[in-house]
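Taking it in order: structure first as structure tokens, then the write-up.
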Amino acid sequence: MGNIVAIVGRPNVGKSTLFNRLTQSRQAIVNEEAGTTRDRQYGKVEWTGKEFSLIDTGGWVINSDDVFEEEINKQVKIALEEADVILFVVDVLNGITDLDNEVAAILRRHKKPVIVVANKADNFDLHPAAAEFYSFGLGDPFCISAINGSCSGDLLDKIVATL
Ligand code: GDP
Ligand code: MG
């Protein structure tokens, strides 16, 4: 297989925004036609002469709380089967939730390289809040703002170095 990077995380942490940021596209949103749901979106990313495929595993449309856990399990299963590197996206504004801890527990049991992406770090004052994500036991949290692009180049460097 080639270089495949999968984005996982609970709803609303910014997975699709990150996907769009890294692929420089509106693909994750544009592909959602009325009446269709998709559980993943693929895009190509080129960075410093290297290319990888990015999967937004959270493209599935969810309407109620009780399917969150099922949705997450599906995302993580896809990522564990297909990805060479997993981007585990969490949210510095909301902090750690039970669902985050569930995802972390599954990821810890596998050998796949994981980058903990602390999203919504829109300014540097928010970076210290990401320290709580060390508790996942999945390495250094990497602060980024998918919405304004802050540190997204550094994240791409890290992804390419991890592949
Ligand atoms: P997903 O459900 O994980 O795919 O999350 P989305 O990408 O759909 O984003 C959920 C919400 O978080 C949206 O309202 C986004 O605009 C917002 N969001 C995404 N990234 C950021 C970010 O870096 N900073 C802030 N402040 N909001 C963000
Ligand atoms: Mg999404």
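Side notes on the structure shown:
- Qualifying position, being of a type outside the set (Gly, Ala, Ser) and in contact with a strand residue (DSSP E or B) (Cβ under 7 Å, 6 or more places away or on another chain), among 106, 147, 86: 86
- Residue 124 being over 22 Å from residue 57 (Cβ atoms) and either modelled with pLDDT of 95 or more or among the hydroxyl-bearing types (Ser, Thr, Tyr) (or both): yes
- The condition (being at pLDDT below 85 and in contact with a Lys or Arg (Cβ under 8 Å, 6 or more places away or on another chain)) is satisfied by just one residue among 84, 56, 39: 39.
- Pair list, Cβ under 9 Å, 6 or more apart: the stretch 136-150 residue at positive phi and surrounded by fewer than 18 Cβ atoms within 10 Å (Cβ to Cβ), other residue not polar (S, T, N, Q) and not in a loop (DSSP other than H, G, I, E, B): 137/104; 137/108; 139/114; 139/115; 139/116; 149/21
- Filtering the stretch 131-163 to residues that are polar (S, T, N, Q) and assigned to a helix (DSSP H, G or I) leaves 135, 152, 162.
- For residue 118: the one exception among (1) part of a helix (DSSP H, G or I); (2) of a type in the set (Gly, Ala, Ser); (3) under 22 Å from residue 47 (Cβ atoms); (4) touching a Pro at 6+ places or on another chain (Cβ under 7 Å): (1)
- Considering residues of the stretch 90-103 that are hydrophobic (A, V, I, L, M, F, W, C) and at pLDDT 95 or above only, the residue surrounded by the most Cβ atoms within 10 Å (Cβ to Cβ): 90
- Of all residues in the stretch 12-31, those being near ligand 2 (Cβ under 9 Å from one of its atoms), loosely packed, with under 15 Cβ neighbours inside 10 Å and modelled with pLDDT under 85 number 1.
The values are calculated or read from the model by the stated rules, or taken from the named source; none is laboratory data. Since the model is a prediction, treat every value here as computed from it, not as a measurement. Cβ coordinates were reconstructed from backbone atoms using ideal geometry, including for glycine residues, and neighbour counts include every protein chain displayed.
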